[in-house]
1. Restricting region 77-109 to residues that are polar (S, T, N, Q) and exposed (fewer than 15 other Cβ atoms within 10 Å of the Cβ), which is nearest to Lys7 (Cα to Cα)?
2. If Val10 passes every condition in (1) touching a Lys or Arg at 6+ places or on another chain (Cβ under 6 Å); (2) among the hydrophobic types (A, V, I, L, M, F, W, C); (3) at pLDDT 95 or above but one, which one does it miss?
3. Suppose we keep only residues that are touching a residue at least 40 places away in the same chain (Cβ under 8 Å) and outside any helix (DSSP H, G or I) within region 52-65. Which one would you say is farthest from Leu35 (Cα to Cα)?
4. Restricting region 23-44 to residues that are surrounded by fewer than 14 Cβ atoms within 10 Å (Cβ to Cβ) and free of Cβ contacts under 8 Å to residues at least 40 places away in the same chain, which is nearest to Ile77 (Cα to Cα)?
5. Does any residue of region 34-41 turn out to be part of a loop (DSSP other than H, G, I, E, B) and either within 10 Å of the chain's Cα centre (by Cα) or closer than 14 Å to Gln105 by Cα (or both)?
6. I'd like the full set of residues that are in a helix (DSSP H, G or I), under 21 Å from Lys38 (Cα atoms) and not aliphatic (A, V, I, L, M), limited to region 66-109.
7. Determine which single condition Arg47 fails, assuming it passes every other condition in (1) without any contact (Cβ under 8 Å) to a residue 24 or more places away in the chain; (2) out of contact with any strand residue (DSSP E or B) (no Cβ under 7 Å at 6 or more places or on another chain).
8. Have a look at Ile60, Ile31, Ile44 and point out the one that is touching a Gly at 6+ places or on another chain (Cβ under 9 Å) and at pLDDT 95 or above.
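The values are calculated or read from the model by the stated rules, or taken from the named source; none is laboratory data. Predicted, not measured: the structure shown is a model, and the values here were computed from it. Methodologically, a virtual Cβ is constructed for each residue, glycine included, from the backbone with ideal geometry; neighbour enumeration extends over all protein chains shown.
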Amino acid sequence: MDRLLLKLNVGQIMNHKVHTVGVNATFGEIIDIVLKQKTNSVIIIDRNKKILGIMTRQDIAECLNKGITNDHSVKSIMVKSMITIPPDKEAEYARNLMLENKIAQLPVT
């Protein structure tokens with residue numbers, strides 16, 4: 001990653017097109033969003049837009065391998081223990097956090 005880019009704040013380089021669903025969404029809805037929007041993750045939020053969880057393409061693949069059906073509630077299968085980052089942190093910090101934790105998605109809060 002370019003040294004200058006690493007000095008920018010996360011808020012300056014983050015993807016602002018975030019896909020979200022409510023906590024009562026189904027697994028099928030998550031799959032539809034990921035496929036139709038060509039995104040790698042969907043954030044699950046409550047009524048107040050508080051982040052409750054995340055589902056990534058990898059999570060979807062694992063659920064499919066377990067036989068989870070499309071009508072299954074996302075509430076019971078979403079990943080609740082997420083690592084997040086505030087927008088004012090440096091991109092280099094975000095990169096290191098992702099590498100150390102072996103994660104591909106880092107929600108900005």
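1. Selected residue: Asn96.
2. With (1) touching a Lys or Arg at 6+ places or on another chain (Cβ under 6 Å); (2) among the hydrophobic types (A, V, I, L, M, F, W, C); (3) at pLDDT 95 or above applied to Val10, the lone miss is (3).
3. Narrowing region 52-65 to residues touching a residue at least 40 places away in the same chain (Cβ under 8 Å): 54, 56, 58.
Pick out the ones that are also outside any helix (DSSP H, G or I) and you get 54, 56.
Values: Ile54: 16, Thr56: 12 Å.
Here the answer is Ile54.
4. It comes out as Leu35.
5. Pass one, region 34-41, residues part of a loop (DSSP other than H, G, I, E, B): 38-40.
From what is left, the residues that are either within 10 Å of the chain's Cα centre (by Cα) or closer than 14 Å to Gln105 by Cα (or both) are 39-40.
So far as region 34-41 goes, yes, one or more of its residues are part of a loop (DSSP other than H, G, I, E, B) and either within 10 Å of the chain's Cα centre (by Cα) or closer than 14 Å to Gln105 by Cα (or both).
6. Taking region 66-109 first, the residues in a helix (DSSP H, G or I) are 74-76, 91-101.
From the residues that got through so far, the ones that are under 21 Å from Lys38 (Cα atoms) too are 74.
Passing the criteria: none in range.
7. (1)
8. Values: Ile60 fails: touching a Gly at 6+ places or on another chain (Cβ under 9 Å); Ile31 fails: touching a Gly at 6+ places or on another chain (Cβ under 9 Å).
After ruling out the rest, the residue left standing is Ile44.
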